Amino acid sequence: MPAESVDGDRVLAFLNTLSGRPTASPVERLGSYDALVTWAREQHLLPAAAAERLQAQARRHPQQAAAVLGRARELREALNALVTAIDAGRAPAAAVLDTISGALASAYAHGRLVPHDGALQWISTADAELDRVVWEVARAAGRLVVSDRLARVRPCAAGDCGWWFVDDTKNRSRRWCDMKICGNREKLRRFRARQQG
Ligand SMILES: [Zn+2]
């Protein structure tokens, strides 16, 4: 899979950590700094050893960790506002772009280039900094937002889902975050409505 499509999936998975956005009671998966780091490790944004170091660091500095969690959610909601605007054909608000730009600038201020497989690779130089987890997400988001895949990001058609996906179909016909979940649920709902009606 090309790198930018992996980035896109991770960024959308990040947005989807708040489930049920269109409903009155969205479900927050990033309930703690610990949960944020666990999520990032599952998405291969952080190696396991780095994740453990950050979680240990967070136990020593709980207030700082809580502030970083706040910045992570702020970035997530800015990215959510960005894809919402693009999907609606609107220009994103300046404040939204400021938040994303700020996170990117901070991310790139804490890394450097190293030789890798005949080319170069950007690596983090902030192993023990609690913000590293946000910077890893910001760099993935930075690659997605300048790619043409941004225009293919769409919300799931199920009224109570609100998950985002990248529509890679040729005729842009995909409707569900996951056919097995929302697609079948919606079909069942329509089937029942027909039977009752
Ligand atoms: Zn869905």
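Miscellaneous remarks
- Cα-based radius of gyration of the range 3-196 once divided by 2.2 N^0.38 Å, which approximates compact folds: 1.12
- Sulfur and carbon atoms: percent of accessible area, the chain [1.4 Å]: 54
- Per residue, the range 1-83 exposes 48 Å² of accessible surface when a 1.4 Å probe is rolled over the protein heavy atoms with every protein chain present.
- Average accessible area per residue (Å²) across the range 134-197 - probe 1.4 Å, nucleic acids and ligands excluded: 61
- Between the beta carbons of residue 90 and residue 6, assuming R0 = 35 Å, the FRET efficiency works out to 0.80 to the nearest 0.05.
- Ranked by the mean number of other Cβ atoms within 10 Å of their residues, highest first, the peptides 80-88, 184-192, 6-14 come out as 6-14, 80-88, 184-192.
- Taking Cα atoms only, the orientation of helix 94-108 departs from the longest principal axis of the chain by about 40 degrees.
- Distance between the pseudo-spin-label points of residue 117 and residue 63 (7 Å out from Cα toward the beta carbon): 4.4 nm.
- Using a cutoff of 8 angstrom between alpha carbon atoms and counting only pairs six or more residues apart, the relative contact order for the chain works out to 26 percent.
- The range 145-197 - percent relative contact order, Cα under 8 Å, separation 6 or more: 27
- Net dipole in debye of the chain [+1 Lys, Arg Cβ; -1 Asp, Glu Cβ; about Cα centre; nearest 20]: 940
- Kirkwood hydrodynamic radius (C-alpha pairs) into Stokes-Einstein, the range 28-96, 37 °C and 0.692 mPa s, D in µm²/s: 246
- Efficiency of FRET between residue 167 and residue 193 - r from beta-carbon atoms, R0 30 angstrom, step 0.05: 0.70
- Degrees between helix 48-60 axis and first principal axis of the chain (Cα, 0 to 90, nearest 10): 80
- Only helices enter this figure: runs of n ≥ 4 DSSP H residues, each worth -39500 (n - 2.57), summed and divided by the residues of the chain, yield -17000 deg cm²/dmol at 222 nm to the nearest 500.
- Rg and Dmax [Cα atoms of the range 107-197; Å; Rg one decimal, Dmax integer]: 20.2, 65
- Taking the longest Cα principal axis of the chain as reference, the axis of helix 62-87 is set at about 40 degrees.
The values are calculated or read from the model by the stated rules, or taken from the named source; none is laboratory data. Computed from a predicted model, the values in this text were never measured in an experiment. Cβ: placed from backbone, ideal geometry, glycine included. Neighbour counts: every protein chain shown. Protein only, heavy atoms only, side chains kept; ligands, DNA and RNA dropped before computing areas. Shrake-Rupley method; radii C 1.70, N 1.55, O 1.52, S 1.80 Å.
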